[in-house]
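Working notes, beginning with the structure itself.
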Amino acid sequence: MNAASPLALTDRIHALDTTRGFAVLGILLMNIWSFAGPQAIYDYPVAAADWGGAPLQTWAVMHTLFEGSQRALFSMLFGAGMLLMVSRLDERAADASSARIYYRRLVFLMLFGLFDLFVLLWPADILFIYALCGLVLYPLRNLKPGTLLLLALIVFSVQAGLRVQNWQESIQLRQEYAAAQAEPALPKNPDQATTERLQAWEAMEQRAHPDLDAPRTRELIRITGSGAFGEFLASKLQTSLMLLIFVGLKSLVLDSLGAMLLGMALLRAGVLTMTAAPRSYALLMLIGYGIGLPLAAWETAAMIGNDFDPILKARNLIHYDFRRMAVGLGHLGLILLFCRRYPRSWLATRIAAAGRMALSNYLGQSILCGLLFYTVGFGLYGRFTGYYLYLVVAGIWIMQIAFSNWWLARYHFGPFEWVWKSLTYKERQPLRRA
């Protein structure tokens with residue numbers, strides 16, 4: 001085999017493809033809320049109680065079982081996949097050659113991320129952030145599992161430390177605001193610093209308890225669902241840029257990097273290649289769910305019981321990564337147990353095809369949901385929420401699983417995978433099967 005060529009089908013790890021299939025399909029469980037309506041609905045589902053679809057109850061189930069855990073699983077598999085690619089390249093080529101291929105692959109992944117952000121107009125794209133995180137993984141490729149695990153814990157601890165600061169700051173803001181409101185004679189012209197801090201707390205309260213009938217929210221729904229193309233495009237481009245800068249680069253880099261390091265550790269330990277001890281998969285599931293699900297259920301109940309208090313939300317973010325990673329590891333253990341017991345079952349094989357086309361299916365979700373919810377398609381944005389969204393999710397899953405199996409019966413790679421691999425290896429890859 002040419003050193004500068006992608007993996008042959010016979011070199012693929014079926015369980016890894018199956019797990020990736022579950023991950024790419026599962027990530028839509030959470031993304032569908034942002035595709036279908038304002039983020040405010042997921043942040044405060046009480047506000048949409050009269051929309052139908054039991055949004056609060058649906059939110060509670062999704063938040064407990066899947067919030068952050070699907071992204072954790074997807075990120076772990078990305079780290080493992082990049083390590084697997086580099087390890088096999090190192091076996092076939094010199095280090096310098098494998099490094100060039102690796103970094104070229106990431107550059108084009110960045111371009112796919114920008115394509116998703118600014119052409120397909122999905123503001124919550126994760127591909128660009130994954131490519132940024134991937135830049136630091138190559139020098140770590142030969143580390144032992146324990147060292148990789150330690151690095152992952154350090155990354156998550158740094159993130160938690162930053163969130164402790166945000167939590168303490170939010171407490172201080174509320175105290176200052178309460179003191180100002182209790183003052184019998186407020187100054188008519190408070191100094192600028194005081195004004196900014198009072199406004200910061202008011203903005204935090206508004207984000208925690210948004211009004212879906214507020215003019216700004218109603219205008220967002222109108223523009224996204226039925227607005228003229230020009231105003232829709234301007235709105236989406238602005239949102240994509242703002243989320244990339246203030247959410248992606250600020251918090252998702254550490255979020256993703258820690259999970260990737262953990263995925264690399266799991267690959268090195270043989271868990272993702274199915275060479276670990278059989279009992280380790282049941283143990284992974286039991287420990288992951290045993291820690292993560294009670295913590296997630298407690299967070300969910302606390303948020304509902306305290307009417308989504310912004311201070312409580314800031315506090316929950318401190319242990320957010322540890323909770324979502326634990327649930328994600330529980331999902332991983334369950335999926336790998338299924339792969340171990342039914343390695344070539346009808347379901348595993350069908351899901352594995354979706355995993356082999358993970359990039360195409362991820363971008364395909366942006367395309368399909370854009371056509372369903374945006375003004376360029378059916379304009380269903382802001383029309384329904386709650387469990388109604390999961391009828392859409394089920395339909396997209398069926399469509400993507402069926403299409404993946406149909407396509408791979410005729411072609412070697414998914415359509416976007418073929419473009420990515422051809423650019424990465426600087427050679428047009430064979431697409432159609434003989």
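Worth pointing out:
- Of Leu286, Leu317, all but one fail to be in contact (Cβ under 8 Å) with a residue 12 or more places away in the chain, touching a Lys or Arg at 6+ places or on another chain (Cβ under 9 Å) and either within 30 Å of Arg12 (Cα to Cα) or of a type in the set (A, V, I, L, M, F, W, C) (or both); the exception is Leu317.
- Restricting the first member to the stretch 222-234 and to residues that are over 10 Å from Gly379 (Cβ atoms), and the second to residues that are among the acidic types (Asp, Glu), the beta-carbon pairs closer than 9 Å and six or more apart or on different chains are Ile223/Glu231.
- Check on Arg383, in a helix (DSSP H, G or I) and over 21 Å from the mean Cα position of the chain (by Cα): no
- Looking across the stretch 141-156, the residues that are part of a loop (DSSP other than H, G, I, E, B) and surrounded by 15 or more Cβ atoms within 10 Å (Cβ to Cβ) come down to Arg141, Leu143.
- Selection count, the stretch 416-425, where residues are within 18 Å of Arg12 (Cβ to Cβ) and under 25 Å from the mean Cα position of the chain (by Cα): 6
- Flag for Phe322 being within 16 Å of the chain's Cα centre (by Cα) and surrounded by fewer than 23 Cβ atoms within 10 Å (Cβ to Cβ): yes
- The listed residue being touching a Ser or Thr at 6+ places or on another chain (Cβ under 8 Å) and either on the phi > 0 side of the Ramachandran plot or surrounded by 11 or more Cβ atoms within 10 Å (Cβ to Cβ) (or both), out of Gln199, Gln159: Gln159
- Scanning the stretch 109-136 for residues that are under 19 Å from the mean Cα position of the chain (by Cα), in contact (Cβ under 8 Å) with a residue 40 or more places away in the chain and outside any helix (DSSP H, G or I) turns up Leu120, Leu121, Trp122, Pro123, Ala124, Asp125, Ile126.
- Where helices (runs of 4 or more DSSP H) fall wholly inside the stretch 250-353, the ranges with 2 or more residues that are more than 18 Å from Ile27 (Cβ to Cβ) and of a type in the set (Lys, Arg) are 310-316, 320-341.
- From the list Gly370, Gly364, the one residue that fits, being assigned to a helix (DSSP H, G or I) and surrounded by fewer than 20 Cβ atoms within 10 Å (Cβ to Cβ), is Gly370.
- Considering residues of the stretch 292-309 that are touching a Leu at 6+ places or on another chain (Cβ under 9 Å) and of a type in the set (A, V, I, L, M) only, the residue surrounded by the most Cβ atoms within 10 Å (Cβ to Cβ): Ala296
- Condition met for Gln172 (under 21 Å from the mean Cα position of the chain (by Cα) and at pLDDT 95 or above): no
- Restricting the stretch 375-401 to residues that are among the small types (Gly, Ala, Ser) and surrounded by fewer than 20 Cβ atoms within 10 Å (Cβ to Cβ), the residue that is farthest from Gln57 (Cα to Cα) is Gly377.
The values are calculated or read from the model by the stated rules, or taken from the named source; none is laboratory data. Owing to the predicted nature of the structure, the values given are computational and were not obtained by experimental measurement. Note that each Cβ is placed from the backbone with ideal geometry, even for glycine, and that neighbours are counted across all protein chains shown.
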